[in-house]
1. In whole Hz, what ³J(HN,Hα) sequence does region B:109-118 give by Karplus (6.51, -1.76, 1.60; θ = phi - 60°), x for Gly and Pro?
2. I'd like the mean, over residues of B:93-103, of how many other protein chain beta carbons sit within 10 Å of each residue's own Cβ.
3. Using θ = phi - 60° and the Karplus curve 6.51 cos²θ - 1.76 cosθ + 1.60, what whole-Hz ³J(HN,Hα) does each residue of region B:26-33 get, with Gly and Pro shown as x?
4. What is the spin-label model distance, in nm, from A:Ala67 to B:Asp114 if the labels are put 7 Å beyond Cα along the C-beta direction?
5. Quick check: from the Cα gyration tensor, does region B:92-131 come out rounded (a/c under 1.5), prolate or oblate?
6. Taking only the C-alpha atoms, wrap a convex hull around the protein assembly as shown and report its volume per residue in Å³ as a whole number.
7. Defining a contact as two alpha carbons under 8 Å apart and six or more residues distant in sequence, what relative contact order in percent does chain A show?
8. Considering Cα pairs under 8 angstrom that are at least six residues apart, work out the relative contact order of region A:1-73 and quote it in whole percent.
2 protein chains.
Amino acid sequence: MNIGEAAKASGISRKMIRYYEEIALLQPGRTANGYRVYGPQDIHTLRFIGAARRLGFSVADVKALLALWQDRSRSSADVKRLTDGHITALRARVAELNAMIGTLETLAGACDGDARPHCPIINRIASTADPSSA
Amino acid sequence: MNIGEAAKASGISRKMIRYYEEIALLQPGRTANGYRVYGPQDIHTLRFIGAARRLGFSVADVKALLALWQDRSRSSADVKRLTDGHITALRARVAELNAMIGTLETLAGACDGDARPHCPIINRIASTADPSSA
DNA sequence: CTTGACCTTCCCATTGTGGTAAGGTTCAGG
DNA sequence: CCTGAACCTTACCACAATGGGAAGGTCAAG
């Protein structure tokens, strides 16, 4: 299987497959002419990477997960620790975004959205920014 | 006021102040020796930028907001449209993250987190990735 | 006049992804 | 046998937003 077929089989672009190889997430073989060759295990690895990425793990985390996956003597505690840290980060991010959404909804709700210039949204940003109000 | 003072007054790093100038969000003056000079209006602009960034607006959006802020004949509809689009994007992002969190919580809840290798988290990622299950 | 704290520009790194160009290979059809 | 399409390779550039650092100029206080 060459890289194009691997891309189709794994759902990961050629570009990203080469990138993952570059950062040592997988080591496909090479044919005599220099073409990369992918076996079933490589496809499985690529799909593992895709699944972990869809769960929001960073590529660095995916690298760690891959190592744990391939380590028969791993401790599930290590996987759980990594996952819990990720969940915590995701929750923090969601909290940030929700705070923004809350503020923005309030402001947008107070904005007439008509042809006149008066706008609570702009006013609020500007007054938060007003040095004389600091 | 030179850039160091402007950074303190606005809460924006020297680095970012120069970057915002580079992308034309503000045009500070220069002294004879080439030092940037910031007046009260520049500080206000920088704080406006900071306030908008804290609400999650992209720098491109901030540029648009700045233009609207400075446009006395703006329509509040334009501001609202921009804001509503941003809110929609934020909500979509939150939904994505919450979906990840939900899955991860389930998996982490089923993981013993002990010294043994058995781990539902890894298993789930690997089975999602299993080409024979596709 | 030196020293330290500024300032300037320019380049590099990050994260994850896409694009593009220049060149080699392989295969099918005429 | 030749040509063109459809692959493959490497090596760059780009994005968004931020930080780091080097090399050099400037200024104010002592």
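1. With the stated coefficients, region B:109-118 comes to x, 8, 9, 5, x, 10, 7, 7, x, 4 Hz.
2. Whole-number average of other-chain Cβ neighbours for B:93-103 is 5.
3. 3J(HN,Hα) across region B:26-33, in whole Hz: 7, 10, x, x, 10, 7, 4, 7.
4. 2.5
5. Here region B:92-131 falls in the oblate category.
6. On the way: hull volume 54.9 nm³, N = 268.
Taking the convex hull of the Cα positions in the protein assembly as shown, it is 205 Å³ per residue.
7. Relative contact order comes out at 15 percent.
8. 30
Taken together, the values in this text are just the output of simple stated rules run on the coordinates, not laboratory data. Because the structure is predicted, anything quoted here is derived from the model rather than measured. Note: ideal-geometry Cβ built from the backbone for every residue, glycine included; neighbour counts use all protein chains shown.
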